[in-house]
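The values are calculated or read from the model by the stated rules, or taken from the named source; none is laboratory data. Computed from a predicted model, the values in this text were never measured in an experiment. Here the Cβ positions follow ideal geometry from the backbone for every residue, glycine too, while neighbour counts run over all protein chains shown. For the accessible areas, the whole protein counts, side chains as well, though only heavy atoms, and no ligand, DNA or RNA atoms are used. Shrake-Rupley method; radii C 1.70, N 1.55, O 1.52, S 1.80 Å.
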Amino acid sequence: MTTPSDSRIPVQLLGNTPAPPRGLGKIQPRTAPGRFRRLRVGLGAVLLGLFFGLPWLQINGRPAVWFDLPQRQFHLFGATFWPQEFTLLAGVLIVAAFALFFTTVYAGRLWCGYACPQSVWTWLFLWCEKITEGERRQRLRLDAAPGSLTKALRRAAKHGLWLVLALATGLAFVSYFSPARALVIDGFTGQASAWAYFWVGFVTLATYLNAGWLREQVCVHMCPYARFQSVMLDRDSLIVAYDSGRGEARGPRRPGSDPRAQGLGDCIDCTLCVQVCPTGIDIRDGLQIACIGCAACVDACDEVMSRMNYPKGLISYTSERALAGEPPTRLRPRLLGYGAVLGLMLLALGASLATRAPATLDISKDRLLYRESADGRLENVYRLSVTNKTAIDQTYHLSASGWPGLRLQGNAQLNVPAFAEASAVVTLSLAPEQWPGRTVAISFHLAAGDAQLSADSRFTGPDP
Ligand code: SF4
Ligand code: SF4
């Protein structure tokens with residue numbers, strides 16, 4: 001028997017490997033119990049729980065996560081963001097992207113195998129298939145069987161379950177844009193908007209087709225991320241690989257016999273690793289673009305190795321460098337680069353959130369340059385828009401500065417409800433004898449308690 005230390009696994013990047021031969025819905029993966037399956041199921045349950053549960057969670061009487069497109073507001077765990085704060089959203093997306101790059105360089109296709117919605121929903125739909133049509137062997141038998149009432153009933157149960165889950169997914173997705181309770185009630189009583197029906201229907205259909213029918217075809221042919229991951233990995237990134245040095249020559253053997261005496265390696269050629277693969281590939285052919293790194297083959301092969309009394313790990317998470325028998329690299333430029341950018345972006349995003357103003361003030365000056373009042377004063381008119389980003393109603397006190405003698409006409413207070421915008425038209429005036437004969441830079445100030453904010457504009461008058 002060989003030991004892992006004397007083995008070499010030739011990693012062969014089969015980037016242009018054709019998709020596994022199959023028709024739509026024809027790969028019937030077998031369930032492989034094991035530690036990685038437990039990890040996938042646990043993580044999938046958490047992610048599905050968050051996806052379906054978050055729209056029902058309320059904070060301050062509003063959904064915890066709510067993209068309120070008509071009001072142009074985004075509510076996130078008690079905070080509200082406006083379109084002017086698009087840079088924050090861009091920052092969140094950049095942080096998410098670099099977190100994904102960092103994870104990929106470190107641990108390969110962890111995202112694809114464990115957290116990508118396409119994978120999580122496919123595992124869920126596979127579970128529906130298992131409870132309605134049975135395990136792989138029964139499903140293959142059912143596929144080959146002629147039409148019968150039992151076959152029709154099993155098929156109907158599977159598609160019914162798929163459709164229920166797809167509809168729940170559609171409702172949950174649209175609930176991030178329209179409060180869940182009202183959407184569900186209005187949706188089932190025919191009172192929801194046409195757009196709501198359209199999007200629920202669209203996401204339902206997309207989920208049913210992607211997770212029920214297309215499955216690994218999405219990963220192999222449609223996902224752009226799968227394509228450029230290969231350029232992100234380095235020789236220390238984790239990959240799922242078969243130890244051909246230890247496994248070959250593969251072949252069946254009698255229990256208890258010495259494989260070396262028969263010229264055999266540790267692979268008994270049971271094909272279980274192929275049967276459990278959701279993309280239908282044989283990892284013994286080398287690393288392939290169709291491999292999503294789910295480790296189902298690792299669980300299956302470990303189980304076989306245990307039964308044969310061989311060491312586990314004939315198929316395992318490893319790296320190209322480990323396979324070549326080299327020590328792991330400590331300083332990995334790509335990993336350090338992504339990590340540094342991720343850390344900096346997190347710091348910048350944290351600082352932006354910590355210093356986020358509790359209100360915003362926008363000013364637009366009236367197109368009319370100036371006018372004269374009945375008592376001869378010079379007047380400029382402005383439109384002020386105030387956004388109250390706090391959870392409480394605010395009364396803002398308004399003032400102006402920039403030139404001696406400037407006077408604010410009318411009401412110097414502005415009431416703005418919580419998480420709302422309000423606007424007001426205000427007039428600034430100046431006595432003619434105080435006019436300097438040139439445009440003056442001025443500022444408006446808003447104060448509510450300790451919070452203060454200012455915005456600049458200008459005051460114009462007649463030429464000298
Ligand atoms: S599961 Fe392991 S022993 Fe069975 S064929 Fe695959 S690599 Fe060989
Ligand atoms: S080869 Fe293994 S890790 Fe890759 S997709 Fe198939 S079962 Fe998952």
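Overview of results
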| item | result |
| --- | --- |
| Any hit, segment 332-340, residues being outside any helix (DSSP H, G or I) and either more than 16 Å from ligand 2 (Cβ to nearest atom) or under 34 Å from the mean Cα position of the chain (by Cα) (or both) | yes |
| Residues located in segment 285-300, provided they are over 20 Å from Val218 (Cβ atoms) and more than 9 Å from ligand 2 (Cβ to nearest atom) | Asp285, Gly286 |
| Thr87 vs. criteria of a type in the set (Val, Ile, Thr), modelled with pLDDT under 95 and part of a helix (DSSP H, G or I) | yes |
| Matching residues, segment 291-305, being near ligand 1 (Cβ under 10 Å from one of its atoms) and either touching a residue at least 60 places away in the same chain (Cβ under 8 Å) or open to solvent by 10 Å² or more (accessible area, probe 1.4 Å) (or both) | Cys297, Val298, Asp299, Ala300, Cys301, Asp302, Glu303 |
| Checking Met308 against (1) near ligand 1 (Cβ under 9 Å from one of its atoms); (2) at pLDDT 95 or above, the condition it does not meet | (2) |
| Residue under evaluation Ala322, criteria (1) modelled with pLDDT of 95 or more; (2) under 24 Å from Val231 (Cβ atoms); (3) part of a helix (DSSP H, G or I), criterion not met | (1) |
| Segment 239-281, residues that are near ligand 1 (Cβ under 8 Å from one of its atoms) and open to solvent by 30 Å² or more (accessible area, probe 1.4 Å) | Arg250, Ile268, Asp269, Cys270, Thr271, Val274 |
| Test: residue in segment 425-443 that is β-branched (Val, Ile, Thr) and within 40 Å of the chain's Cα centre (by Cα) | no |
| Verdict on Asp236 being more than 21 Å from Arg284 (Cβ to Cβ), open to solvent by 40 Å² or more (accessible area, probe 1.4 Å) and part of a loop (DSSP other than H, G, I, E, B) | no |
| Filtered residue count, segment 228-272, keeping only those that are under 30 Å from Tyr338 (Cα atoms) and β-branched (Val, Ile, Thr) | 3 |
| Count of residues meeting criterion [near ligand 2 (Cβ under 9 Å from one of its atoms) and over 30 Å from the mean Cα position of the chain (by Cα)] in segment 260-283 | 0 |
| Hits in segment 78-99 - residues which are touching a residue at least 12 places away in the same chain (Cβ under 8 Å) and under 17 Å from the mean Cα position of the chain (by Cα) | Leu88, Leu89, Gly91, Val92, Ile94, Val95, Phe98, Ala99 |
| Number of the exception - Leu368 against (1) hydrophobic (A, V, I, L, M, F, W, C); (2) away from ligand 1 (no atom under 16 Å from the Cβ); (3) surrounded by 12 or more Cβ atoms within 10 Å (Cβ to Cβ) | (3) |
| Residues that are closer than 30 Å to Lys389 by Cβ, in contact with a Leu (Cβ under 7 Å, 6 or more places away or on another chain) and of a type in the set (S, T, N, Q), drawn from segment 417-451 | Ser423 |
| Filtered residue count, segment 310-361, keeping only those that are without any contact (Cβ under 8 Å) to a residue 60 or more places away in the chain and either open to solvent by less than 50 Å² (accessible area, probe 1.4 Å) or at positive phi (or both) | 3 |
